[in-house]
1. Report, by residue number, each residue of region 40-56 that is touching a Lys or Arg at 6+ places or on another chain (Cβ under 9 Å) and not in a strand (DSSP E or B).
2. Conditions first: (1) surrounded by 14 or more Cβ atoms within 10 Å (Cβ to Cβ); (2) touching a helix residue (DSSP H, G or I) at 6+ places or on another chain (Cβ under 9 Å). TYR132 passes all but one, so which condition is the exception?
3. If LEU80 satisfies every condition in (1) surrounded by 11 or more Cβ atoms within 10 Å (Cβ to Cβ); (2) free of Cβ contacts under 8 Å to residues at least 24 places away in the same chain but one, which is the exception?
4. For region 144-173, give me the residue count where each residue is within 18 Å of ILE15 (Cβ to Cβ) and loosely packed, with under 14 Cβ neighbours inside 10 Å.
5. Of the residues GLU118, GLU127, which single one is at pLDDT 85 or above and assigned to a strand (DSSP E or B)?
6. Which condition number in (1) outside the structural domain of LYS155 (by TED's automatic domain parsing); (2) of a type outside the set (Val, Ile, Thr); (3) touching an Asp or Glu at 6+ places or on another chain (Cβ under 8 Å) is the one that GLU53 fails?
7. Pairs needed: first member in region 36-61, over 15 Å from HIS85 (Cα atoms); second member anywhere, modelled with pLDDT under 85 and β-branched (Val, Ile, Thr); C-beta distance under 7 Å; at least 6 residues apart or different chains.
8. How many of the residues making up region 160-180 are farther than 19 Å from HIS111 by Cα and either more than 25 Å from the chain's Cα centre (by Cα) or of a type outside the set (A, V, I, L, M, F, W, C) (or both)?
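The values are calculated or read from the model by the stated rules, or taken from the named source; none is laboratory data. The shown structure was predicted, so the numbers you read here are calculated from the model rather than taken from an experiment. Positions of Cβ are generated from backbone atoms using ideal geometry, with glycine treated the same way; all protein chains shown enter the neighbour counts.
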Amino acid sequence: MTGRKDRVIDGAKSILLTRGFEVTSEVENEEYHDIFGKNSEGQTIIVRIPEKEVVGVRELRDYKEEIEEKGYNYALLLALNKYTHYAKREAKAADIETFSIKFPFFNLFKHYLVPVHEFATESEVQELEKKYSIFTYQLPKISAEDPAVQLLGAKVGDVLKIKRNSPTAGEFLVYRTVVP
C-alpha cells in the first residue's frame, strides 16, 4: 500500500503545482495525510488523503467541519481506494473535489502526447463569440471527467484553450467548453 500512497501524494503535489499553489506544509497521522498549499493571491488549499479503505460520509463531514473552521478556499479529497455513493454526493454539495485511485497521479501536461490546456480569458471568449457569431455553449465540448480538466480544476461552463502541434499546420488553438 505504501507505493500506491506515495504515488497519490506525489500526484496531489502535482495537482497543486498545476493549479498555481505552492506546497507549504504536510501533516501525517494514523487516519490521513494532509498537504497544505498557498498561491500568489493568498488563497489556501488543503488536500486530504485518508487511510481508510472506503471513505464514507462520517470522514467527509469531519473534513468539511475542519475546512469551514480553518477557512480554506479550496479542498480536495484523494481516496486510496473508493468512496461511498453518499460520500461522493455530499462532497459535491460541499464543493470538495474528489479524486479516486483511477486518476492518473502524475503531471499529465509533461507527457509529450498531451497538449497544453489552459483557461481561456474572458476577452478571448468574447472575441470567439463575436468573430464566429456563436455562444459559448456552441463550442466543441470537453467532459468534466477528462483528467486534464480535473487536473486544472475547471468547472462546468469554463472555456479551455488547448494548444496543439501538427506536423502540417504547426501550432494551432482549439477551444472547448467544459460539460458535465
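1. Answer for region 40-56, where residues must be touching a Lys or Arg at 6+ places or on another chain (Cβ under 9 Å) and not in a strand (DSSP E or B): GLU51, GLU53.
2. (1)
3. Evaluating LEU80 over (1) surrounded by 11 or more Cβ atoms within 10 Å (Cβ to Cβ); (2) free of Cβ contacts under 8 Å to residues at least 24 places away in the same chain leaves (2) as the failure.
4. Total meeting the criteria: 2.
5. Checking each option against the conditions leaves just GLU118.
6. Unmet condition: (3).
7. So the pair list comes out as ILE49/VAL8; ILE49/ILE9.
8. 6
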